[in-house]
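These notes are about the structure you will find just below.
What follows draws every value from the coordinates through simple rules; no lab data is involved. Computed from a prediction, not measured in an experiment: that's the story for all the values here. Please note: Cβ atoms are built from the backbone with ideal geometry, for glycine as well, and neighbour counts cover all protein chains shown.
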Amino acid sequence: MLFRESGGSEKYTDAENLLKQRVAEIHSGRFTPGAGQIKVSELLDEVLADYEINGKSIGWARIVDGHLRPFFGNLAAAKVGSAAIARYAAERRAEGACNSTINREFTLLRRAFNLARNATPPRIAQAPKIPKLAEPPPRKGFFEDEVFVRMRAELPAHLKPVITFGYYTGCRKGEILSLRWDQVDLNEGIVRLEPGTTKNDEARTIPLPEELSQMLAMEKSRRDREHSDCPWVFSKRGRRIKCFRGAWEEAAKRADLVDSDGRPLRLFHDLRRTGVRNLVRAGVPERVAMMISGHKSRSVFDRYNIVSERDLREAASRLSRYLADQAQRGLAPPSSAPDHQRPSRQPISLYPTTGPLAW
């Protein structure tokens, strides 16, 4: 069978080099007929189809059509290399995108090339190396009780139950907003998250603390009175809540929880870290806490289980009380001096009560 391919150059030596490369690919079994004509746009269509089949297509089409396709779409897949990838990153930064955002876009592009390379038969001979850009340290925000109460007080009535559920359970926003009444068992005091509604596509059971059970019971009574056909646990006038960024920002301003540029100091996702930390503080075994929060990776769970300054102060206070108790019980280290010559032990103060280090 005869295959024709342009070398993209008028130089005879360039054509010879390309021919040698193709011959080597044929001998090694890596030759893919027609791979040089495949456009990146085709690969992007295929990765979107793959995500659709696996139920993970939400949001990806927006990234493809808004950023990747306009830049890479008309390029031949075989011609995409480090230079083109670096230009894309530079253009996205100029548009205000941060490295973490660009990395999410690169993840999709990398997946598109890998699917084509691993297809049977392969759609492309090889995939370009797509780097992972340096990202800032993970965010460590969380809600202390007082901050949570302030923020909730300023939110609209239909969002107060949403933030309360997030504070008590540590569930993701998408998991909360997609929750239906047939997943809530108020008699058993549990909520069942079904496969397809969680990030890792695994079912979870969430136990309901007393306040949360009472809140959901009141929400169900209101739903039954006003919008009995609404399947969503959290709704606004009987319609599912999808986005509340504007309401969140306005509530943060009224609660005085914004930075010098007027941006919220607390994000909804901070409730997830708070929920995890509260479970651990309450004495829930960490393995059980991971099952409730839906963390499969111990490293990610540890990142969410944030130690605050209050935790550190409490640790110091407990140590101080312990040492003082040991001294009062006469458990001081033995001494060679006679009993009547030993100085009496006094409770140890780990921190000064006056001065700049006083707590």
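If R0 is 22 Å, what FRET efficiency do you get for Arg321 and Val284 from their C-beta distance, rounded to 0.05? Don't jump to the answer; show the numbers that get you there.
Working: r = 24 Å, r/R0 = 1.09.
Efficiency, from the Cβ-Cβ distance: 0.35.
Fully extended, how many nm does the chain gain between Ala83 and Ala153 (0.36 nm per residue separation, minus their Cα-Cα distance)?
20.1 nm
Distance cut-off 26 Å, Cα to Cα: go down the list Lys160/Lys220; Lys39/Lys242; Lys20/Lys79; Lys220/Lys253; Lys160/Lys253 and report the pairs above it.
Numbers: Lys160/Lys220 15 Å; Lys39/Lys242 35 Å; Lys20/Lys79 18 Å; Lys220/Lys253 30 Å; Lys160/Lys253 16 Å.
In this structure, Lys39/Lys242; Lys220/Lys253 lie more than 26 Å apart at Cα.
Would you work out which of Pro156, Gly283, Leu186 lies farthest towards the positive end of the dipole of the range 145-304? Charges go on Cβ: Lys and Arg +1, Asp and Glu -1.
Pro156
Find the relative contact order for the range 145-304 and round it to a whole percent, using C-alpha pairs within less than 8 Å whose residues are 6+ positions apart. The partial results should precede the final answer.
Working: 183 pairs, mean separation 44.6, N = 160.
In percent, rounded to a whole number, it is 28.
What residues qualify as long-range amide H neighbours of Arg240, i.e. H under 5 Å apart, gap of 5 or more or another chain, H built at 1.01 Å from N?
Amide H neighbours of Arg240: none.
Ranked highest first by the average count of other Cβ atoms within 10 Å around their residues, in what order do 210-216, 118-124, 63-69 fall? Provide the component values of the computation, followed by the final result.
On the way: 210-216: 15.3, 118-124: 13.7, 63-69: 17.3.
Packing proxy ranking, top to bottom: 63-69, 210-216, 118-124.
Starting from 0.36 nm per residue, how many nanometres of slack lie between Glu10 and Lys253 once their C-alpha separation is accounted for? Each step should come with its number before you reach the end.
Working: separation 243, 0.36 × 243 = 87.48 nm, distance 6.36 nm.
Between Glu10 and Lys253, full extension yields an extra 81.1 nm.
Could you tell me whether the range 84-141 comes out rounded, prolate or oblate from its Cα gyration tensor? Rule is a ≥ b ≥ c as square roots of the eigenvalues, rounded for a/c under 1.5, then prolate if a/b exceeds b/c, otherwise oblate.
Details: a/c = 3.40, a/b = 1.94, b/c = 1.75.
Prolate, because a/c is 1.5 or more and a/b exceeds b/c.
How do Leu19, Leu323, Leu279 line up, fewest other C-beta atoms within 10 Å first? If you can, show how the numbers build up before the last one.
Working: Leu19 12, Leu323 16, Leu279 21.
With the fewest neighbours first, Leu19, Leu323, Leu279 line up as Leu19, Leu323, Leu279.
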